[in-house]
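Scroll down for the structure; my scribbles are underneath it.
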Amino acid sequence: MKRARINVGNVGLVFKNGNYQKVITAGTYWLRFSQHVTVYNLIDKFQAPIASEILLQDETLANMLDVIDVKDNELVLLFEKGNIKAVLEVGQHLYWKGLKERTYTRIDLSKVEITEIKDVNLLGNHRLSAYIKKFEVLEYEKAILLIDDKFEKILDSGMHRFWQNTTNIKISKIDMRQLQLEISGQELLTKDKAAIRINFYTQYKVIDVKKAVLDNKDFEKQLYIAMQLKLRAFIGNYTLDELLEQKENIANAVFENIKDSVDALGIKVLSCGIRDVILTGEMKEIMNQVLIAQKKAQANIITRREETASTRSLLNTAKLMEENEMLFKLKEMEYVEKIAEKIGEITVAGNGGVVKQLKDIFSVNK
């Protein structure tokens, strides 16, 4: 005989010649020499030394164990004191009862939605990350959820998690902010056959995500073409001069005409505007010549106007001097003074007065 002692917190499995006989708990036991004991800690997971089907035929041992059978497309979450301890995959798992408080949550992986876990914080556990698909939708976005290429629902902003399985899950995100579409360098002909290039912009927002993504292929491209055609139709009704003078009116007309026709795209046009009207090489040269000619004509008019005013002023002065001899003398002395300022030296000789000699020098013989 030999003695075997099982401490508190342990159990022992008794085998005889390799065959299981019984389970023993804390205490002292006498065994035959042909028997041996394998000791297990009640805290640890039980790893069966032989087929579990044989061991579980012992009702006493079976009552001491949590037997967790995990099927295909399943997971079982093991919690200890409310915390995730392990994720159990396909197979049989045995845990000792008694010392630790354990609970189990069974997960159906064939589903897409995560309904078994209510606490979102648990979904961030690293043990679960391999079994979860994550999609982030930003604050200014919405997303179309497609399951096996079929529309499921619209996702709002936030982190969205689904079980990782063979189901094909896709999302298509849409920016819900105010967007701008640029039509740059659009070559057009005006009513008077002037070739121009226009830079045009449109501001818009997506208001129906499903319609924009599912009912239309590349809604932004369709909007671009619609704006291009509307712009071409309106520009063709204006001459170049009218276009340059009425840019804002044309932009408003395009806006009013387009805003209802894009409802089918799931978007709303907010505003339109012509940023630039660019003339082609030859047309630019012609316009420059016209502008130069116009400015020259304006300059000639101003020059003639000033000359007329100057002549009229001189005529009025002459009439006054003709009627007033003293005024004539003062004007004469004024001009003598101006001329004298430009002469370096004047020599006066003879007995005549200085003023008289200056007058003789500068006066014209009549």
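The values are calculated or read from the model by the stated rules, or taken from the named source; none is laboratory data. These numbers were taken from a predicted model, which means no experiment stands behind them. As a convention, Cβ positions derive from the backbone with ideal geometry for all residues, glycine included, and neighbour counts pool all protein chains shown.
Tabulated data
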| read-out | value |
| --- | --- |
| Subset of region 249-276 that is assigned to a helix (DSSP H, G or I) and without any contact (Cβ under 8 Å) to a residue 12 or more places away in the chain - its residue that is nearest to residue 195 (Cα to Cα) | 249 |
| Residues that are exposed (fewer than 13 other Cβ atoms within 10 Å of the Cβ) and either in contact (Cβ under 8 Å) with a residue 24 or more places away in the chain or not in a strand (DSSP E or B) (or both), drawn from region 70-84 | 71, 72, 81, 82 |
| Residues within region 28-73 that are more than 30 Å from residue 166 (Cβ to Cβ), of a type in the set (A, V, I, L, M, F, W, C) and within 57 Å of the chain's Cα centre (by Cα), tallied | 4 |
| Filter result for the condition that a residue is over 30 Å from residue 117 (Cβ atoms), of a type in the set (Lys, Arg) and surrounded by fewer than 12 Cβ atoms within 10 Å (Cβ to Cβ), over 221, 205 | 221 |
| Residues located in region 12-69, provided they are in contact with a Gly (Cβ under 6 Å, 6 or more places away or on another chain) and assigned to a strand (DSSP E or B) | 24, 37, 39 |
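Matching residues to (1) modelled with pLDDT under 90; (2) basic (Lys, Arg):
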site	(1), (2)
7	no, no
14	no, no
19	no, no
31	yes, no
39	no, no
45	no, yes
61	no, no
90	no, no
